[in-house]
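Trainee: After the structure tokens below, expect a handful of questions from me.
The values are calculated or read from the model by the stated rules, or taken from the named source; none is laboratory data. Model, not experiment: these values are computed from the prediction. All Cβ positions, even for glycine, are placed from backbone atoms using ideal geometry, and neighbour counts span all protein chains on display. The area values use the complete protein model at the heavy-atom level, side chains included, leaving out ligands, DNA and RNA. Shrake-Rupley method; radii C 1.70, N 1.55, O 1.52, S 1.80 Å.
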Amino acid sequence: MNWIRGKTIGRGSSATVSIATASRSGDVLAVKSAELSQSQFLNREQEILAGLSSPYVIAYKGCCITSENGTVLYNLCLEYAPGGSISDAVRKHGGCLREDMIRNYVHKILLGLDYLHGNRIVHCDIKGPNVLLTSDGVKIADLGCARHVDEVSGEDRSTVTPLAGTPAYMAPEVARGEQQGFPADIWALGCTVIEMATGRAPWVGVLDPVLALYRIGFSGDVPEIPTFLSEQAKDFLSKCLKREPKERWSASELLNHAFLVETESASEEMMSTFNMVTPTSVLDQQYWESEDELDTTWNPTQKRSSNSPMDRIKKLSELSSKIPNWSLDKTWVTVRNNGSKEADLCPNSQYHEDNLQLQNKDAIDENLGETDKFTTGIQSEMIYTGTDIE
Ligand SMILES: Nc1ncnc2c1ncn2[C@@H]1O[C@H](COP(=O)(O)OP(=O)(O)OP(=O)(O)O)[C@@H](O)[C@H]1O
């Protein structure tokens, strides 16, 4: 597949995302790239996405290898989401979303989760930044942490695949290191609803993530449910945030919850909110003006020698100075089992939100790997012919 790489539009822990145009069709794409030698998460995401087709999951468009400025890159081509993430939407709306908007988004996320779970896939990292807005509506993205569930036992393969996700959104059983099945996605959905309603990740007031994880795993507490929500919304949340995974409602059960009955009412307003004119080319200047994002990765498995709950909490405390507070900014961390360096864990954790964008850029510059250096400096009109991988 030939495509023209444009500006960098996002950065995550495993990859850099650029806008691109498919040479033949002119379609606008998002291309997620990582150095080939460090592309294991992109590979896993490709393997999962390639088998999926849902209007509620960001679509897979192909993958290829390119050699750019002497660096060999693995590229995952995806449907482009011009509206940003749900977290962006929360910020644009002044820090919280109206309940009818939340209802609409939740409905689409649940349709996506119902589809994934029906295909025996656990997403493992549901949160506002990983739900994107396209001209077709809300779609689940970033399946880099996703995994197949064992079809025979119905349990996940956590013995071979370490648990993953973002601490503030982790279900109690995940925080304890026990299991990460479908109910863990439902808990994370509940946390995402709180994020949409309040502009903050759950567990407000617990700034130390080590203490917070301990509380999530062992205290018996659940995140505070916003009192200003309707009774239906509160009841919906209570079904997501059951501490016992077996008591949590499934995606298909939640789709029939009374909270979602009026789901279509806010659709039109939401779609007009984000100025989602689809660019016709990577040369459209307005699409170079989106801000770069910095997400950071926390990688506890690098040092992991035991998976017992207390050992996991202790390991967390070793890393706590590098872990940011959990406010709704760009300092969330994703737990993954790759080999990234501790120095990369959270370069921006000490920065105040007011100067976050500037500081993020500085932090990016300090922490750039070769791929990032290349991608940041890339010109907007470069045509690459990748080696298609089927
Ligand atoms: N399909 C897309 N369309 C538009 N922007 C996208 C798309 N996919 C990703 N992005 C942007 O790139 C950023 C990083 O992408 P993504 O979260 O998939 O990377 P990652 O390395 O898996 O991140 P994380 O560290 O959160 O796991 C996103 O926050 C988003 O801003």
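Trainee: Pairs needed: first member in the range 224-251, closer than 24 Å to G118 by Cβ; second member anywhere, of a type in the set (A, V, I, L, M, F, W, C) and open to solvent by 30 Å² or more (accessible area, probe 1.4 Å); C-beta distance under 6 Å; at least 6 residues apart or different chains.
Mentor: Qualifying pairs under 6 Å: L237/I225; K239/W249; L241/V222.
Trainee: Report, by residue number, each residue of the range 90-104 that is under 21 Å from S230 (Cα atoms) and within 16 Å of the ligand (Cβ to nearest atom).
Mentor: Passing the criteria: only V90.
Trainee: Then there is this: Out of all the residues in the range 119-132, is one or more more than 14 Å from the ligand (Cβ to nearest atom) and of a type outside the set (A, V, I, L, M, F, W, C)?
Mentor: Looking for residues that are more than 14 Å from the ligand (Cβ to nearest atom) and of a type outside the set (A, V, I, L, M, F, W, C), one finds at least one in the range 119-132, hence yes.
Trainee: While we're on this one: Out of the residues in the range 1-10 meeting the condition of being within 20 Å of G144 (Cα to Cα) and among the β-branched types (V, I, T), tell me which one is farthest from the ligand (Cβ to nearest atom).
Mentor: T8
Trainee: So, one more: On the basis of being open to solvent by 30 Å² or more (accessible area, probe 1.4 Å), near the ligand (Cβ under 10 Å from one of its atoms) and either hydroxyl-bearing (S, T, Y) or touching a Gly at 6+ places or on another chain (Cβ under 9 Å) (or both), does S13 make the cut?
Mentor: For S13, the condition - open to solvent by 30 Å² or more (accessible area, probe 1.4 Å), near the ligand (Cβ under 10 Å from one of its atoms) and either hydroxyl-bearing (S, T, Y) or touching a Gly at 6+ places or on another chain (Cβ under 9 Å) (or both) - is met.
Trainee: Let me ask something else about it. Name the residue, out of V31, V57, that is among the β-branched types (V, I, T), farther than 22 Å from K108 by Cβ and open to solvent by less than 10 Å² (accessible area, probe 1.4 Å).
Mentor: Exactly one residue qualifies, and that residue is V31.
So that you can scan it fast, the table gives a plain yes or no per residue for (1) over 19 Å from C191 (Cβ atoms); (2) at pLDDT 95 or above; (3) outside any helix (DSSP H, G or I):
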site: E224; (1), (2), (3): no, no, yes
site: S238; (1), (2), (3): no, yes, no
site: R243; (1), (2), (3): no, yes, yes
site: F259; (1), (2), (3): no, yes, no
site: T263; (1), (2), (3): yes, no, yes
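Trainee: Next question, about the same structure. Out of curiosity, is R24 over 22 Å from R147 (Cβ atoms), out of contact with any Phe, Trp or Tyr (no Cβ under 7 Å at 6 or more places or on another chain) and surrounded by fewer than 20 Cβ atoms within 10 Å (Cβ to Cβ)?
Mentor: Answer is yes for this residue.
Trainee: Does L78 satisfy the condition of being within 14 Å of the ligand (Cβ to nearest atom) and open to solvent by 10 Å² or more (accessible area, probe 1.4 Å)?
Mentor: yes
Trainee: Let me ask something additional. Read through the list (1) more than 16 Å from the ligand (Cβ to nearest atom); (2) at pLDDT 95 or above; (3) open to solvent by 10 Å² or more (accessible area, probe 1.4 Å), then give the number of the only condition that L110 fails.
Mentor: If we test L110 against (1) more than 16 Å from the ligand (Cβ to nearest atom); (2) at pLDDT 95 or above; (3) open to solvent by 10 Å² or more (accessible area, probe 1.4 Å), just (3) comes out false.
Trainee: Report, by residue number, each residue of the range 170-198 that is under 20 Å from R91 (Cβ atoms) and open to solvent by 10 Å² or more (accessible area, probe 1.4 Å).
Mentor: Within the range 170-198, just T198 meets the criteria.
Trainee: Would you confirm whether or not the range 47-70 contains a residue that is assigned to a helix (DSSP H, G or I) and of a type in the set (K, R)?
Mentor: no
Trainee: Can you report the number of residues in the range 97-120 which are under 11 Å from A197 (Cα atoms), in a helix (DSSP H, G or I) and charged (D, E, K, R)?
Mentor: Selection size over the range 97-120: 3.
Trainee: Something else now. Could you list, in sequence order, the residues of the range 38-67 that are in contact (Cβ under 8 Å) with a residue 12 or more places away in the chain, of a type in the set (G, A, S) and over 24 Å from G112 (Cα atoms)?
Mentor: S39
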